[in-house]
Structure formats: C-alpha cells, structure tokens
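The values are calculated or read from the model by the stated rules, or taken from the named source; none is laboratory data. It should be emphasised that the depicted structure is a prediction, and the values quoted were computed from it without experimental measurement. Quick reminder, even Gly has a Cβ in these numbers, built from the backbone with ideal geometry, and neighbours come from all protein chains shown.
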Amino acid sequence: MAKYWLLKSEPDVYSIADLARDGRTMWDGVRNYQARNLMRDDMRIGDLALFYHSSTEPMGVVGLARVCSESYPDPTQFDRRSAYFDPEAKSDDPRWYLVDVEHVETFQRIVTLADLKREKALKTMMVTQRGARLSVQPVAKGHMQRVLRMAEANSSL
C-alpha cells in the first residue's frame, strides 16, 4: 500500500523548479537519523511526496514528487568534496541512505504553512506542529488529499 510523505528543501539549495528541470534526483544530504530511517525503511517506489520549500518566504507546499527508487547508501557521505561528507561513514557500513524522487507536478498555487495551520483538517499534520523540523515526514492519506485539493493540483489519489 502506498505511503505519503513531505520532503523539505530550501529553494536556494534545490527547488521544485530544479526537480522539474532535472526530472529525477537523489534526495541526498539528509543527516537526521529519524529522517534517514524513514527513507531507508519505509519509503517505497511509487510513494507520493509533497515538495515543501522551507527557510523562505512564504514557506509551503509547492509541488508533488514520487519515490522512484528503493533506498541505497547516500554517496555524498563518502565524498570528501561534498558538504554532506561524513568521516565516520564507511563504505562497508554506510551511515546515511537516500531514495531517488521524480517530478510529478508543480502547483500553480502554493499552499503556505499559514494555510496549512489554518485548515482544521490538518491540525495533526506533522509540518503544522511546533518544533516539527524533520526534512522527511510521513503524511496521512487524508492530509495528502486535503493538501492536493488546497493546491488545486492536477494530481489526485
């Protein structure tokens, strides 16, 4: 059964426009164990993810992506030139994992964090909770459906 996610990215690092241009990318650089575990253990090919621009004004959901690979070791952990290099990671015992994601849709309407917080049906959505800073978050099916309606998305569940 498909699962649903929210992936956060700062648009000056990697935006929905970048994903639309590239078509597909590694969701690399995640250096939080809980987020890593979600990607490594729970994400599956075909799962849908809300693409969320963080650390910008306004913050919010700007598009939709799909998981298009099984998890595998994040190669940036081994690359000394990468900002995500981890000297403790070993090739025979990787510390960090990722999945590839592909572009599904760029929304014509951004669903801002303020919009999400105002929507009573989304009051338990992780991204609306104080202190919920994970860059990879699970999303309940009902929340995903509501956000897609709010975004006036072409895609539906």
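For region 107-157, residues that are within 14 Å of the chain's Cα centre (by Cα) and under 18 Å from Leu19 (Cα atoms) total 2.
Is at least one residue of region 27-38 outside any helix (DSSP H, G or I) and closer than 18 Å to Lys3 by Cβ?
Yes, because at least one residue in region 27-38 is outside any helix (DSSP H, G or I) and closer than 18 Å to Lys3 by Cβ.
Consider region 103-148 and keep the residues that are in contact with a Ser or Thr (Cβ under 8 Å, 6 or more places away or on another chain) and charged (D, E, K, R). The one that is farthest from Ser54 (Cα to Cα) is Glu105. Against the criterion of being hydroxyl-bearing (Ser, Thr, Tyr), farther than 19 Å from Arg36 by Cα and surrounded by fewer than 16 Cβ atoms within 10 Å (Cβ to Cβ), Thr124 qualifies. Looking at (1) touching a Lys or Arg at 6+ places or on another chain (Cβ under 9 Å); (2) assigned to a loop (DSSP other than H, G, I, E, B), which is the only condition Gln77 fails? Evaluating Gln77 over (1) touching a Lys or Arg at 6+ places or on another chain (Cβ under 9 Å); (2) assigned to a loop (DSSP other than H, G, I, E, B) leaves (2) as the failure.
If you check Ala83, Ala20, Ala65, Ala49 for being in a loop (DSSP other than H, G, I, E, B) and small (Gly, Ala, Ser), only one passes: Ala83.
Quick check on region 19-40. Is at least one of its residues without any contact (Cβ under 8 Å) to a residue 24 or more places away in the chain, among the polar types (S, T, N, Q) and closer than 17 Å to Ala132 by Cβ? Within region 19-40, one or more residues are without any contact (Cβ under 8 Å) to a residue 24 or more places away in the chain, among the polar types (S, T, N, Q) and closer than 17 Å to Ala132 by Cβ. Any chance region 129-143 includes a residue that's in a strand (DSSP E or B) and either of a type in the set (Val, Ile, Thr) or out of contact with any helix residue (DSSP H, G or I) (no Cβ under 9 Å at 6 or more places or on another chain) (or both)? Scanning region 129-143, I find at least one residue that is in a strand (DSSP E or B) and either of a type in the set (Val, Ile, Thr) or out of contact with any helix residue (DSSP H, G or I) (no Cβ under 9 Å at 6 or more places or on another chain) (or both), so the answer is yes. Scan region 69-91 and give yes if some residue there is within 15 Å of Val139 (Cβ to Cβ) and modelled with pLDDT of 95 or more, otherwise no. For region 69-91, residues within 15 Å of Val139 (Cβ to Cβ) and modelled with pLDDT of 95 or more: absent. Say we look at region 1-33 and pick out the residues that are within 20 Å of Arg109 (Cα to Cα) and over 12 Å from the mean Cα position of the chain (by Cα); which of these is surrounded by the most Cβ atoms within 10 Å (Cβ to Cβ)? Result: Pro11.
Provide a single number: the residues in region 107-118 that are of a type outside the set (A, V, I, L, M) and either surrounded by 16 or more Cβ atoms within 10 Å (Cβ to Cβ) or at positive phi (or both).
3
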